[in-house]
Amino acid sequence: MAQYDRSRIRNFCIIAHIDHGKSTLADRIIEMTGLLTHREMQAQVLDNMDLERERGITIKAQAVRTVYRAQDGNEYILNLIDTPGHVDFNYEVSRSLAACDGAVLVVDAAQGIEAQTLANVYMALDHDLEVFPVINKIDLPSADPEGVAHEIEDVIGIEAMDAPRISAKNGTNCEAVLEEIVKKIPPPKGDESAPLKALIFDSVYDSYKGVIVFMRVMDGEVRPGMRVRMMATGAEADVVETGYFGAGQFIPCEGLSAGMVGYLTASIKNVTDTRVGDTVTDAKRPAAEPLPGYKKVNPMVYCGLYPADGAHYSDLRDALEKLKLNDASLFFEPENSVALGFGYRCGFLGLLHLEIIEERLEREYNLDLVTTAPSVVYRIYKTNGEMVELTNPTNMPSPAEIDYMEEPVVAAEIIVTSEYIGAIMDLCQERRGVYKSIEYIEAKRAILKYDLPLNEIIYDFYDALKSRSRGYASFDYELSGYVRSELVKLDILVNHEEIDALSFVVFAGNAYERGRRMCEKLKENIPRHLFEIPIQAAIGSKIIARETVKAVRKDVLAKCYGGDITRKKMLLEKQKEGKKRMRTFGNVEIPQDAFMSVLKLDET
Amino acid sequence: MSEPVELYVHIPFCAKKCAYCDFYSHPADEAQMDAYIEEVLEEISLSPFAGREASSVFFGGGTPSIVKSSHIVTVLEKLRQAFRIREDAEISIEVNPGTVTREKLRTFRKAGISRLSVGLQSADDAMLKKLGRIHTFRDFQETYRMAREEGFKNISADMILGLPGETPEGFADSLEKVLIMGPEHLSVYSLIIEENTPFYALYGPSGAFRHELPSEDKERETAHLADRLLESAGYVKYEISNYAKPGYECRHNEGYWTGVPYLGFGAAAASYIEGKRFKNALNDEYLALPYEECEVLGEKDLMSEMMILGLRLTAGVSESAFRARFGKGMEDVYGDVIEKYVSLGALSRDGAYLKLTPYGMDAANVVMADFL
């Protein structure tokens, strides 16, 4: 095994608010350290999935190792661990941070500190990381690097006057960032002779090698042939290969020792055996205790996924199983809906996670899906003393059996410029927020803190926040617990038939409003039939809202002679095509879009 | 012996294009018209179906009355040479009150044309102006009188309802002015706002004057009022938009709805014969160009066409005719669809016929789409 001087290793991550330039800076670092030439770079090497590039967010953690010859004449190994950039993946972020010794904080010179900046910095400081700031996008006309430097010092309390002022996009002054990494971030600690302890910060499934475990070795060493054990799951396997991360490729090496970042493969079949946050140890000489901080993440948001065409049920199952290979946090189990047939109840870390999975199923697996309203996990305390977790509104017990219910709440931080504070406070109020505090971070910007029910933010809170602040508000949250709440199950009846897939649980005080808007939205989306269709919202047997889709009055081609039969037939074909994309309930045809559209009820 | 065919000739010229029209038609000078007639004559002489018996001829447009009457006579002569046009054949021509003269009417009659279809559209001059028509109601009355004088015993008038600013009463007035004249046949069409017309810009989905169009409810009220007025004046509604005194149904058009083969000559003219439907290019020099559309119809297409075209007729589709043609019953093929719409009150079984109910006629597309 090649000897590494641990003092020449730097394990770090880059943290930033979305769009502040994290991935662009990562690209520059990879390029400058000569790992790839500019031409070889596909823009943003670390964001592998098309979806990640399109949305500009990192979904899975990635890592890359580069070698940098510093101004002191020495070569340093820089391990960059890229962290996911969304609150849904907070736990993964925390594990990635735990694998690092320092963090580069990128702040946009025009935008200043945003909610995710703060959330990430606090998390990094919690993990005792050395954090130093970099002010990016100094090429923008509206850049104010001095102002932003002051803001960083005032709000976060870290030294920022000497922070490198860079443009990652143009490559301006990025060398200074590399020098800072070498000077400011400490080399890894650890005891090479102690029993193996390595932190798993991600894993991916490869059809040839099995699961590839991404890890940071804290103590001891790991090499091929060694039998390892995952301390939380108990899974054991023989290491086949160890290695480190090239740009977009895995480079095998003889072994990994304390302080190093790399991967191992051990013919592991299932990513659920190698959970993020778990500790890899030597099965023969196990560590006394695992690394701190492991937890099994539980889905926060559930919804039903159904194939639009029932015949594709098994395709959906295969696709979910394949996605699950790479995503231990995805949960699914079969469920059966009167309205939609056979499908799956799926659990996700958050709404973004849900959307990503949905999009991947549709794009990568070519599935046409019907998605039911996302739901959070409610706790139902029954009169018989039992507590059940409710993930599907259909399973709600009858009111007589319920003593009381609880719903999850989050602690939210919203950073907003002063002119929109009123609008955002109104929004939080409407969403049943409990005001905590307001704190000005500079003359014109404040941090608003609210406790908000999770079910109020999973639908369209983010969109509403953006539209009411003209894009100036940023937002971050973490789950803070469960509180007692008045909740009811709202059912939707179309032509007097209950559509189970449209049922959802709602705060009693909002039921009327929500039911009314659901009915209105469905009215817009259900085409006219030959008969009148009542659309009703009901709590139990009580109807609380009603709309009516009027019957077709006129749908006829006045003229049809020899010369236009072909064309007129095409018009009818089109009409028929439209019908194919619908689901039939009783004798009412409901377009698939209707299911999704009722989930987006806000003003937009 | 093969079954008789129907013959159609398209004359794509107009003095001026109407604001709602999306047919292939345009203004032209005399030389263009002469050249076009040559093209049509050549097409007839090249027809691979020459020698067939023909049961009807229809000159449509555009405005067939805009060309020299000798052109119509020449084309008709050519058709008589190429096809065996039956003695009792219905021979129709569309005329515009603004372009037809007594001389033309006389020539048409002499050449054996038996039926006139006069484009009136409205008896309200203000409305005619709005539509971009080149004639007044007075012109129509004049044409009508001359046609009677020249011996035409079968005259039809075309009208449009659902026009911008129209009320049911206004339309009824207009209709009554026509009914009092006693034409044998009337076509009453609902206005369709077609794309690529001046009307589309004004009254289309984003047109500034869309609100002037009668609401769907008003439009249907007008249509139902028209049904009643025509019925009480002795006309029988025999198709979604067509009414005739008994025995004066347009045989040529009935052929389209009952699957009679037809041959179309001229730009944009369609033919349907031997299981194929094809349409000439939308160009005056169409002979050198590929077909605009061409469909080969399999049994499934033929069956669904028999249903969707046949249901346009108030008589409906004959169960025995369907069985005779396809060797199975309508119910065997479309049982579920028929059941569904019968139970919804859009179709009715009337002895040996399946037909649309009056409500089914208003919502015909919904029903027909399910027969595709």
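Which value, in debye to the nearest 20, gives the size of the charge dipole of region B:311-357 about its Cα centre, when Lys and Arg are +1 and Asp and Glu are -1 at the Cβ?
Details: 7 positive and 6 negative charges, 39 e Å.
My answer is approximately 180 debye.
What is the sum of charges around A:Phe475, taking Lys and Arg as +1, Asp and Glu as -1, for the other residues whose C-beta is under 10 Å from the C-beta of A:Phe475? Spell out each step's value before the answer.
Details: positive: A:Lys466; negative: A:Glu114, A:Glu413, A:Asp476.
Once positives and negatives cancel, what remains is -2.
Determine the calculated [θ] at 222 nm for chain A from helices alone, applying -39500 (n - 2.57) to every DSSP H run no shorter than 4 residues and normalising by the residue count; nearest 500 deg cm²/dmol.
-7000 deg cm²/dmol
With the radius of gyration and the Kirkwood radius both derived from the Cα set of region B:222-292, what is their ratio Rg to Rh?
Working: Rg = 17.0 Å, Rh = 14.5 Å.
That ratio equals 1.17.
Roll a 1.4 angstrom probe over the protein heavy atoms and tell me the percent of accessible area of the protein assembly as shown that is carbon or sulfur. Don't jump to the answer; show the numbers that get you there.
Working: 19780 of 40210 Å².
After summing per-atom areas, the C and S share lands at 49 percent.
Chain A: percent of C-alpha pairs farther apart than 38 Å?
Working: 73683 of 182106 pairs.
Every Cα pair in chain A considered, those over 38 Å come to 40 percent.
With +1 on the Cβ of every Lys and Arg and -1 on the Cβ of every Asp and Glu, and nothing else charged, how large is the dipole of the protein assembly as shown about its Cα centre, in debye rounded to the nearest 20? The partial results should precede the final answer.
Details: 111 positive and 152 negative charges, 429 e Å.
In total the dipole reaches around 2060 debye.
Within region B:272-294, which residues have the backbone N less than 19 Å from the label spot 7 Å out from B:Arg325 along Cα→beta-carbon, could you tell me?
B:272-278
Given 10 Å bins starting at zero, what is the percent of C-alpha pairs of region A:440-493 in each, up to the one with the largest pair distance?
17, 42, 28, 11, 2, 0
Beta carbons within 10 angstrom, averaged per residue: use that to sort the peptides A:364-372, B:93-101, highest first.
Highest mean packing first, the order is B:93-101, A:364-372.
Where only protein heavy atoms count, and the probe is 1.4 Å, what is the accessible area per residue for chain A in Å²? Numbers along the way, then the final one.
Values: 24860 Å² over 604 residues.
I get 41 Å² per residue for chain A.
Can you give the relative contact order of chain A as a percent, counting alpha carbon pairs under 8 Å and 6+ residues apart? Please report the intermediate quantities before stating the final value.
Working: 1313 pairs, mean separation 56.9, N = 604.
About 9 percent, as a whole number.
Looking at chain A only, what percent of DSSP beta bridges run antiparallel? Nearest 5 please.
The antiparallel fraction comes to roughly 85 percent.
Would you work out if region A:56-164 is rounded, prolate or oblate? Take a ≥ b ≥ c from the square roots of the eigenvalues of the alpha-carbon gyration tensor; rounded if a/c is under 1.5, else prolate when a/b is larger than b/c, oblate otherwise. Write down the numbers at each step before the final one.
Working: a/c = 1.61, a/b = 1.14, b/c = 1.41.
Oblate, because a/c is 1.5 or more while a/b does not exceed b/c.
Using a simple spin-label model with points 7 Å from Cα along the Cα→Cβ vector, what separation in nm is obtained for A:Lys559 and A:Ala283?
Once both label points are built, they end up 8.2 nm from each other.
Normalised by the empirical 2.2 N^0.38 Å for globular proteins, what value does the Cα Rg of chain B take? It would help to have the intermediate numbers written out before the result.
Details: Rg = 20.7 Å, N = 372, 2.2 N^0.38 = 20.9 Å.
Compactness ratio reported: 0.99.
Sorted by accessible area (1.4 Å probe), largest first, how do A:Met582, A:Met387 line up? Can you show the working numbers first?
Numbers: A:Met582 45, A:Met387 80 Å².
The ordering from most to least exposed comes out as A:Met387, A:Met582.
With a 1.4 Å probe and every protein chain left in place, tell me how much accessible area A:Tyr302 has, in Å² to the nearest 10.
20
To one decimal place, what orientation-averaged projected area in nm² is obtained for the convex hull of the Cα set of region A:213-272? Mind dumping the intermediate values first?
On the way: hull surface 16.5 nm².
Projected over every direction and averaged, the Cα hull of region A:213-272 covers 4.1 nm².
Give the cysteines in chain B for which no other Cys Cβ lies under 4.7 Å away, or write none if there are none.
Cys with no partner Cβ under 4.7 Å: B:Cys14, B:Cys250, B:Cys294.
Using the C-alpha gyration tensor of region B:299-372, what are the square roots of 5 times its eigenvalues, in whole angstrom, with the largest one first?
Working: eigenvalues 63, 31, 25 Å².
Ellipsoid semi-axes (Å, largest first): 18, 12, 11.
What are the ³J(HN,Hα) couplings of region A:190-204, residue after residue, when phi is run through the Karplus curve with 6.51, -1.76, 1.60 and θ = phi - 60°? Round to Hz, x for glycine and proline.
Calculated HN-Hα couplings, in order: x, 10, 5, 8, 6, x, 4, 9, 10, 8, 7, 10, 5, 7, 10 Hz.
Measure nothing but the geometry: give the 0 to 90° angle between the long axis through the Cα atoms of A:565-580 and the longest principal axis through the Cα atoms of chain A, rounded to 10°.
Value to nearest ten degrees: 70.
Take the Cβ-Cβ distance between A:Asn384 and A:Thr548 as r, set R0 to 45 Å, and report the resulting FRET efficiency rounded to the nearest 0.05.
Numbers: r = 42 Å, r/R0 = 0.93.
Computed FRET efficiency for A:Asn384 and A:Thr548: 0.60.
Using the Cα atoms of region B:1-132 to build a convex hull, what is its mean projected area in square nanometres? Before the final figure, lay out each step's value.
Values: hull surface 34.7 nm².
For the Cα atoms of region B:1-132, the hull's average projected area reads 8.7 nm².
Out of the DSSP beta bridges found with both residues in region B:5-257, what percent are antiparallel (nearest 5)?
Working: 6 of 35 bridges.
Among the beta bridges of region B:5-257, antiparallel pairing accounts for roughly 15 percent.
To the nearest 10 degrees, how steeply does helix A:421-430 sit against the main Cα axis of chain A, on a 0 to 90 scale?
Compared with the principal axis, the helix lies near 60 degrees.
Only Cα pairs under 8 Å and at least 6 apart count here; give the relative contact order of chain B as a rounded whole percent.
15
Sequence-distant or interchain residues sharing an amide H contact under 5 Å with A:Ala63, placed H: which?
A:Asp82
Going down the table (A:Lys554/A:Lys579; B:Lys17/B:Lys110; A:Lys568/B:Lys78; A:Lys576/B:Lys300; B:Lys276/B:Lys300; A:Lys574/B:Lys300), which pairs top 20 Å between alpha carbons?
Table pairs above 20 Å Cα-Cα are B:Lys17/B:Lys110; A:Lys568/B:Lys78.
So how exposed is A:Arg432, as accessible area in Å² (1.4 Å probe, rounded to 10)?
40
Report the full-extension gain for the segment A:Glu159 to A:Leu571: residue separation times 0.36 nm, less the Cα-Cα distance, to one decimal in nm. Before the final figure, lay out each step's value.
Working: separation 412, 0.36 × 412 = 148.32 nm, distance 6.83 nm.
Full extension of this stretch gives 141.5 nm more.
When only C-alpha pairs under 8 Å and at least 6 residues apart count, what is the relative contact order of region A:459-604, in percent?
Computed value for region A:459-604: 23 percent relative contact order.
Just to check I understand the Karplus step: with θ = phi - 60° and J = 6.51 cos²θ - 1.76 cosθ + 1.60, what whole-Hz values come out for region B:17-24, glycine and proline as x?
Karplus values, whole Hz, x for Gly and Pro: 7, 6, 5, 9, 8, 10, 6, 6.
How far is helix A:511-525 tilted, in degrees, relative to the longest principal axis of the Cα atoms in chain A, given as a value from 0 to 90 rounded to the nearest 10?
80
How big is the A/B interface in buried accessible area, both sides summed, 1.4 Å probe, to the nearest 100 Å²? List each step's numbers first, then the result.
Numbers: alone 26680 and 17000 Å², together 40210 Å².
Buried area between the two chains comes out at roughly 3500 Å².
The values are calculated or read from the model by the stated rules, or taken from the named source; none is laboratory data. Remember, it's a predicted structure, so these values are computed and weren't measured experimentally. Cβ atoms come from the backbone with ideal geometry, glycine included; neighbour counts cover every protein chain shown. Only protein heavy atoms, including side chains, enter the accessible area calculation; ligands, DNA and RNA are left aside. Shrake-Rupley method; radii C 1.70, N 1.55, O 1.52, S 1.80 Å.
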